[in-house]
Amino acid sequence: MQKGDMIGFSSLADFLGGKTEEPERYAVEVQAVEDATCLHIPYPVIQTLWDDPAVRDFVLQQATIRLQDIYASFAEQVQLANKWGESEPFIRRIQDVMNEPVIAADMEDDVQDVALMMVEHSTSSVVVLNDNDQLIGIITEKDLVQRVVARGIGSGLFAHEVMTPHPYIISRDAYYYEAMSSFLMNGIKHLPVMDGAKVIGMVTLSDLLRKKNRGTMELLQSVEQSTFNNLHELEPAMYEVLANLIQDGIPTVHTLEVMTKLYDRLVRHAVQLAVEKIGKPPVPFGFYLMGSGARAEQFMLTDQDHFLVYDNTKEAEVSLYFEELGKEIVQHLVAAGYKTCPGFMMASYADWRGTLEDWQGRLRSWALRATNENLLLAHNFLSYRHIYGEESLHDQFEEMIREQLGKSRIFLYRMAELEKEHPVPTFDHPIRALFRMKKESVDLKKQALFPLHHCLQLLCAKHDFLEGRTLKQIDFLQDRHVFSEETADKLKFAYEVVLRIRVERAWNAYRVGETSTSEIEFNHLRTKDKEELMMALKTIRQLQGEVMATFGL
């Protein structure tokens with residue numbers, strides 16, 4: 001409600017002659033979400049003053065405005081119900097399910113006092129605030145057990161010594177499914193609810209589990225408990241989650257984010273199982289995804305696309321260990337439902353594993369022999385994403401890549417040259433123009449997504465930014481003022497459109513047992529999809545032009 005709004009017209013019929021026997025039955029309870037000053041006008045006062053024309057006109061005017069708001073809200077709810085299939089988790093807001101007021105402790109409070117506070121309020125967590133009432137951490141029952149009880153400490157610790165700093169948070173306006181996603185993907189059970197910079201409540205996993213969770217919790221538990229022999233049982237569960245997300249009309253980018261995080265957990269678990277089978281690694285290593293998995297675009301199990309990096313060593317035993325590990329990882333991913341890569345870009349092949357020095361040599365070789373094949377390998381490689389392994393080694397790996405790209409700027413120029421040879425097709429209205437020159441189809445991967453990825457990759461590499469995920473690339477380039485806000489919005493729209501069409505068609509093909517393809521025929525698209533796809537292709541083509549200009553082509 002806005003300032004000056006009025007509530008309580010549900011018994012207005014009494015004043016208009018339609019008497020009710022129990023006017024009190026219309027009483028409602030109103031809870032203010034922030035400090036507010038309200039004037040309560042008792043029923044007998046309105047009843048006494050109703051014959052005053054000024055009072056009557058004012059009340060009727062306010063009632064008319066309120067009814068307008070009610071109908072507008074009702075229309076919105078109908079629209080949401082149609083859009084989300086009446087799926088409550090995708091309409092309900094966090095402020096509707098959170099616990100309040102929030103239980104807070106000062107950063108200097110003794111941990112024993114914090115524990116007593118939790119007992120007194122029957123809560124499993126408290127937030128920790130600094131002197132400015134800003135959130136700096138959270139203390140949960142798990143924190144107390146691990147950091148106090150397990151260490152045999154009775155007292156003498158302060159809240160800031162026990163808390164988990166920088167906790168995950170969520171906005172009061174967020175939807176149920178966003179909170180559930182945060183719980184599932186981050187392995188947490190408590191989320192402080194924020195209104196701007198202020199903590200106003202707490203939502204827990206148990207709060208949401210009282211609602212429909214669509215089987216996702218069971219899936220995550222299955223992933224963590226799976227073995228080589230039952231990894232194959234996870235694919236149907238993954239696809240059930242995907243089906244629910246698609247059915248409920250969740251935005252494609254968010255659907256891919258949820259599915260990518262699920263697949264990431266599956267891949268990490270497969271790597272961990274492989275490590276457990278052959279033994280502790282002799283030196284630090286990192287496992288990296290490439291392709292759609294690295295770009296966070298994976299929605300169904302795809303071909304494997306990955307590589308291994310390990311610390312510099314000359315010992316043959318180390319090389320043999322990672323050769324064996326690469327093979328084991330591939331076998332575990334095959335057991336989980338991934339196909340082997342037809343291009344042999346997997347850690348089981350010598351060309352896709354090696355020490356930091358080995359990878360430095362490969363990058364240098366690709367730059368010196370910038371054939372089309374090497375350029376395409378470099379494009380796929382630069383979409384990498386670190387999935388498993390030592391962070392310190394990963395930092396060295398990225399520093400090496402930046403150094404090599406800095407020494408080989410001509411390499412980026414050659415990659416841009418190759419991109420120029422594959423322009424995004426141009427289509428204009430009317431729709432029949434799509435069929436000129438007998439061209440009735442477009443390959444969403446080769447003619448839309450790949451050009452978008454390659455162009456963003458080139459611009460990011462030019463600014464020393466190594467990131468495979470498209471939306472993060474766009475945000476970075478906007479922050480660096482390479483893109484205007486308008487350009488960034490257009491690119492995000494284009495990305496969403498292409499992905500949505502691709503996901504919908506691939507999923508529909510899977511449901512009817514057909515082979516999925518990224519090539520689509522325009523006459524099979526809805527009119528709205530045709531128009532949006534043409535806009536998307538135009539935007540990506542403009543990006544191509546900007547990249548060519550940037551590299552002087």
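The values are calculated or read from the model by the stated rules, or taken from the named source; none is laboratory data. Because the structure is a prediction, the values reported are computed rather than measured. Cβ sites come from the backbone with ideal geometry, for glycine too, and all protein chains shown count toward neighbours.
For the stretch 156-209, the set of residues classified as of a type in the set (S, T, N, Q) and within 15 Å of residue 104 (Cα to Cα) consists of 164 only.
Hey, any hits in the stretch 387-402 for a residue that's at pLDDT 85 or above, assigned by TED's automatic domain parsing to the domain that holds residue 269, on the phi > 0 side of the Ramachandran plot and under 28 Å from the mean Cα position of the chain (by Cα)?
Yes - at least one qualifying residue is present in the stretch 387-402.
Take residue 379 and tell me if it is at negative phi, outside any helix (DSSP H, G or I) and either out of contact with any Lys or Arg (no Cβ under 7 Å at 6 or more places or on another chain) or not β-branched (Val, Ile, Thr) (or both). Judged against the criteria, residue 379 is not a match. Against the list (1) at pLDDT below 90; (2) closer than 25 Å to residue 552 by Cβ; (3) surrounded by 21 or more Cβ atoms within 10 Å (Cβ to Cβ), the condition residue 465 fails is (3). Looking across 78, 97, 102, one residue alone is under 30 Å from the mean Cα position of the chain (by Cα), aliphatic (A, V, I, L, M) and modelled with pLDDT under 60. It is 78.
Scanning the stretch 266-298 for residues that are buried (at least 19 other Cβ atoms within 10 Å of the Cβ) and closer than 26 Å to residue 245 by Cβ yields a count of 15. Restricting attention to the stretch 331-356, the residues that are assigned to a helix (DSSP H, G or I) and either closer than 17 Å to residue 382 by Cα or outside the structural domain of residue 315 (by TED's automatic domain parsing) (or both) add up to 3. Residues considered: 160, 166. Of these, the only one that is within 20 Å of the chain's Cα centre (by Cα) and either more than 30 Å from residue 242 (Cα to Cα) or free of Cβ contacts under 8 Å to residues at least 12 places away in the same chain (or both) is 166.
Of the residues making up the stretch 134-156, those that are out of contact with any strand residue (DSSP E or B) (no Cβ under 7 Å at 6 or more places or on another chain) and more than 22 Å from residue 201 (Cβ to Cβ) are 145, 146, 147, 148, 149, 150, 151, 152, 153, 154, 156. Of the residues in the stretch 522-540, at least one is closer than 18 Å to residue 416 by Cα, in contact (Cβ under 8 Å) with a residue 24 or more places away in the chain and under 27 Å from the mean Cα position of the chain (by Cα). Specify the residue that is surrounded by the most Cβ atoms within 10 Å (Cβ to Cβ); the eligible residues are those in the stretch 501-521 that are charged (D, E, K, R) and in contact (Cβ under 8 Å) with a residue 40 or more places away in the chain. Top of the filtered list is 502.
Looking at the stretch 232-296, the helices (runs of 4 or more DSSP H) lying wholly inside it that each contain 1 or more residues that are touching a strand residue (DSSP E or B) at 6+ places or on another chain (Cβ under 7 Å) sit at 252-278, 291-294. Evaluated against (1) surrounded by fewer than 19 Cβ atoms within 10 Å (Cβ to Cβ); (2) touching a strand residue (DSSP E or B) at 6+ places or on another chain (Cβ under 9 Å); (3) within 30 Å of residue 511 (Cα to Cα), residue 344 falls short on exactly one condition, (2).
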